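The values are calculated or read from the model by the stated rules, or taken from the named source; none is laboratory data. Since the model is a prediction, treat every value here as computed from it, not as a measurement. Glycine gets a Cβ as well: all are built from the backbone with ideal geometry, and neighbour counts include every protein chain shown.
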Amino acid sequence: MTGPIRPQFVLFGSSIVQMSYNVGGWGAIIADLYARKADVILRGYSGWNSRMALQVLDQVFPKDAAVQPSLVIVYFGGNDATNPHPTGLGAHVPLPEYVENMKRIILHIKSLSDKTRIICLSSPPIDEEKIRQIFGNALDDQARTNEGCRIYSEALVELCQEMDVEAVNLCTAIQQKDDWAKTSFIDGIHLSADGCKIVVKEILKVLKRVDWEPSLHWLSMPSEFPDDSPYYVVGPDGKTTLNVTGHICTWQKEWVNI
């Protein structure tokens, strides 16, 4: 840790999280919006399911850490929802076990501190046609289906409601767009820049709506070192300087009224 301790936002999940810092990725957008306000920490592990997440939960989120995260955004489910492989190997996790695994993950994160908040992201839909175009029949024996994603998504949302945890149903949110299948993915599974914008929008809607104290919405959080300085750029009057601490960049303006 360097400098003053900022609130920590941890993104924890499988490839949807690991790839979220790609160009136009949802994690990269969040990190940009929270510059000088929070440290956004990426803990993404491609190919992982909820079983694998449980194996490292104490290492990623130790209960005796000096600083506990203010927000954890959790995504597991897409790999769990794949069809079971005939060998018994592979990422598939039966639905009841998936729900129990997510419950254990949520309980662990809740126990970190009274101020640690959680948002769970559900499985997004998939573009089955594009998966076939890119991967051929290589994944047929452990296929992903929109129906499987829907079932696991709804189960996670129901669990979060029972546990009083915020959830984003990406399966529903992404499919609100008319051309979602053609624009939301890079390979039929992982999110494109357009798909990532939907994720950011849904996360920001949650952060703006909830009554958490303190607020974790990007426009409500204070910036680090906000004071005026004579070393800033001189303003039009030629006498004072312009404090750019709270400046909203052109590319950030689309997120102001979410």
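Within the option set VAL40, VAL67, being of a type in the set (Val, Ile, Thr) and surrounded by fewer than 16 Cβ atoms within 10 Å (Cβ to Cβ) holds for one residue only, VAL67.
Of SER113, SER153, SER123, all but one fail to be assigned to a helix (DSSP H, G or I) and touching a residue at least 12 places away in the same chain (Cβ under 8 Å); the exception is SER153. Among (1) closer than 29 Å to GLY188 by Cβ; (2) surrounded by fewer than 20 Cβ atoms within 10 Å (Cβ to Cβ), which single condition is LYS110 missing? Going through the list (1) closer than 29 Å to GLY188 by Cβ; (2) surrounded by fewer than 20 Cβ atoms within 10 Å (Cβ to Cβ), LYS110 breaks only (1).
Under the condition of being assigned to a loop (DSSP other than H, G, I, E, B) and either farther than 17 Å from SER46 by Cα or over 15 Å from the mean Cα position of the chain (by Cα) (or both), the residues counted in segment 192-210 number 1. Annotation: of all residues in segment 130-147 being closer than 16 Å to HIS190 by Cβ and assigned to a helix (DSSP H, G or I), the one that is modelled with the highest pLDDT is ASN146.
Every condition in (1) in a strand (DSSP E or B); (2) over 13 Å from the mean Cα position of the chain (by Cα) is met by VAL56 except one, and the failing one is (1).
If you check THR116, THR82, THR145 for being in contact with a His (Cβ under 6 Å, 6 or more places away or on another chain) and under 27 Å from CYS196 (Cβ atoms), only one passes: THR82. Determine which single condition MET52 fails, assuming it passes every other condition in (1) closer than 21 Å to ILE151 by Cα; (2) out of contact with any Leu (no Cβ under 6 Å at 6 or more places or on another chain); (3) in contact (Cβ under 8 Å) with a residue 40 or more places away in the chain. Result: MET52 passes all but (3). Counting only residues that are under 14 Å from the mean Cα position of the chain (by Cα) and of a type in the set (S, T, N, Q), segment 148-191 holds 1 of them. The set of residues in segment 27-51 that are farther than 23 Å from PRO226 by Cα, assigned to a loop (DSSP other than H, G, I, E, B) and out of contact with any Asp or Glu (no Cβ under 6 Å at 6 or more places or on another chain) comprises TYR45, SER46, GLY47, TRP48.
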